[in-house]
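The values are calculated or read from the model by the stated rules, or taken from the named source; none is laboratory data. Note that the structure is predicted; figures quoted are calculated from it, not measured. All Cβ positions, glycine included, derive from the backbone under ideal geometry; neighbour counts span all protein chains shown. Remember, those area values only see protein heavy atoms, side chains included, never the ligands or the DNA or RNA. Shrake-Rupley method; radii C 1.70, N 1.55, O 1.52, S 1.80 Å.
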Amino acid sequence: MSLTRIAIVNITGYIGAEVARLLCRHPNVKIVSVTGRSEAGKRLGNVMPHLSQIDLTIEAAPGEADLVFSALPHKASAEAIIPLVGKGIKVIDLSADFRLKQAEQYQQWYDHAHPAPGLLEKAVYGIPELHRADVTKAQLVANPGCYPTGAILALAPAVKAGIIKRDIIVDSKSGVSGAGRTPSLTTHFPEVNENVSAYSMDGHRHLPEIVQELQALQPKETLMITFQPHLIPMTRGILSSCYASLVEGKIAVSRQGVAELRQVYRDFYEGETFVKVVDAPPQTKQAWGSNLCLIHPTIDLRTGRLIVISCIDNLIKGGAGQAIQNMNLMLGFPETTGLEALPVYP
Ligand SMILES: NC(=O)c1ccc[n+]([C@@H]2O[C@H](COP(=O)([O-])OP(=O)(O)OC[C@H]3O[C@@H](n4cnc5c(N)ncnc54)[C@H](OP(=O)(O)O)[C@@H]3O)[C@@H](O)[C@H]2O)c1
């Protein structure tokens, strides 16, 4: 059987490197080209020793491939992708450049006009659990952000079922790899270690994605979502705590109601390999190194409020793993291929 040729644009970042690491074990594809602006001309194994079994030299531009992953920062990613899409090549963009459907939101949230608004409609927002049929047919997949993946999966069943009121709070904590490999004072070890901080209190760039996807599940009412990210001293993982008041008369505020709520979630995710509804609050280490999203919905019986905790590995289900899940769908492979690894413990 011939292997599908894969190119990874920007192997020198955390996400590009993670796509490569996971694809090394994929039986149906072969990485044929990797790029990296600052390391072009060097052997991949010298730049990223953990990837030395991939026998390639880093290039300045991607070589010929059947499917391209772009793990560039936003704006640079769109510039690299637009010509590839024009040539009919399948592309999975891990940046934010094709996630939002309304072009004007790029000016508002990313400080630049979108370079190809016509492609926004063509791009499929790649959460397979919500958009599997569209991903399967897509040429261009916009892989979701890490925070939005955890938040959307945590809230989608409740929003869709109409059991919560429109005021929703998503409080998320992320490990430092979420900020990427480029060093900065904020991510410097003495600043992060033994420290927890809130940031982007005027509105984080991932908010419009969360709103876009949840609003589409409940178009009758305008959702009011507060999303507050925090940085915590760990390498990988995102834990999101989500809160909303229950609509009266739908789910009882009782132990029986908690069981009904959990059934709503189990029904929503029935048959999903990577989303697990769990009976105890999950911890980031339970998803670490895997493509899992662990979700624990419950009710605060004193206030009648829904509480949902979700955990993902930001680099896998929040990035590279979900991108490979999308790739499998786009190429007609079993969705779980290459993503079977269990979480790493301890
Ligand atoms: N980190 C996560 O958890 C996560 C999760 C989901 C999605 N994402 C998205 O995935 C993409 C990559 O994220 P990352 O965390 O891997 O980033 P990263 O580790 O910070 O990678 C950034 C690298 O991109 C290269 N770069 C920067 N500007 C460039 C430009 N204009 N043209 C070409 N290369 C440029 C630089 O490498 P050189 O010095 O070699 O040029 C830089 O080291 C981003 O769009 C990010 O939003 C990240």
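General observations
- Counted residues, the stretch 227-253 - those being part of a loop (DSSP other than H, G, I, E, B), surrounded by 15 or more Cβ atoms within 10 Å (Cβ to Cβ), more than 19 Å from the chain's Cα centre (by Cα) and among the small types (Gly, Ala, Ser): 1
- Selection from the stretch 57-83 of residues that are touching a Lys or Arg at 6+ places or on another chain (Cβ under 8 Å) and either without any contact (Cβ under 8 Å) to a residue 24 or more places away in the chain or open to solvent by less than 50 Å² (accessible area, probe 1.4 Å) (or both): Thr57, Ile58, Ala65, Leu67, Val68
- Residue in the stretch 25-47 that is away from the ligand (no atom under 14 Å from the Cβ), modelled with pLDDT under 95 and not aliphatic (A, V, I, L, M) present: yes
- Filtered by the rule that a residue be within 12 Å of the ligand (Cβ to nearest atom) and in a helix (DSSP H, G or I), the stretch 140-177 gives Cys146, Tyr147, Pro148, Thr149, Gly150, Val176, Ser177.
- Qualifying residue in the stretch 102-118 (condition: touching a strand residue (DSSP E or B) at 6+ places or on another chain (Cβ under 8 Å), within 18 Å of His206 (Cβ to Cβ), crowded, with 17+ Cβ neighbours inside 10 Å and touching a residue at least 40 places away in the same chain (Cβ under 8 Å)): no
- Among the residues of the stretch 119-139, those identified as touching a strand residue (DSSP E or B) at 6+ places or on another chain (Cβ under 7 Å), in contact (Cβ under 8 Å) with a residue 60 or more places away in the chain and hydrophobic (A, V, I, L, M, F, W, C) are Val135, Ala138.
- Scanning the stretch 305-318 for residues that are more than 14 Å from Leu153 (Cα to Cα) and assigned to a helix (DSSP H, G or I) gives a single hit, Ile316.
- Residues within the stretch 6-20 that are more than 16 Å from Lys75 (Cβ to Cβ) and among the polar types (S, T, N, Q), tallied: 1
- Within the stretch 287-339, the set of residues being buried (at least 22 other Cβ atoms within 10 Å of the Cβ), in contact with a Lys or Arg (Cβ under 9 Å, 6 or more places away or on another chain) and among the polar types (S, T, N, Q) comprises Asn291, Asn314, Gln325.
- Per the conditions (1) more than 21 Å from Leu94 (Cβ to Cβ); (2) away from the ligand (no atom under 16 Å from the Cβ); (3) buried (at least 16 other Cβ atoms within 10 Å of the Cβ), the sole criterion not satisfied by Asn195 is (3).
- Residue in the stretch 136-162 that is nearest to Ile299 (Cα to Cα), counting only those that are open to solvent by 10 Å² or more (accessible area, probe 1.4 Å) and in contact with a helix residue (DSSP H, G or I) (Cβ under 7 Å, 6 or more places away or on another chain): Ala161
- Hey, Met224 on the phi < 0 side of the Ramachandran plot and touching a Lys or Arg at 6+ places or on another chain (Cβ under 9 Å) or not: yes
Residue by residue, here is whether (1) closer than 30 Å to Leu67 by Cβ; (2) touching a residue at least 24 places away in the same chain (Cβ under 8 Å) holds:
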| position | (1), (2) |
| --- | --- |
| Gly271 | yes, no |
| Pro282 | no, yes |
| Ile299 | no, yes |
| Ile324 | yes, yes |
| Leu339 | yes, yes |
| Leu342 | yes, yes |
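- Scoring Val211 on the criteria (1) within 26 Å of Ala259 (Cα to Cα); (2) of a type in the set (A, V, I, L, M); (3) in a helix (DSSP H, G or I) leaves a single failure, condition (1).
- Residues of the stretch 198-226 classified as closer than 18 Å to Ser240 by Cα and either of a type in the set (Val, Ile, Thr) or open to solvent by 70 Å² or more (accessible area, probe 1.4 Å) (or both), total: 8
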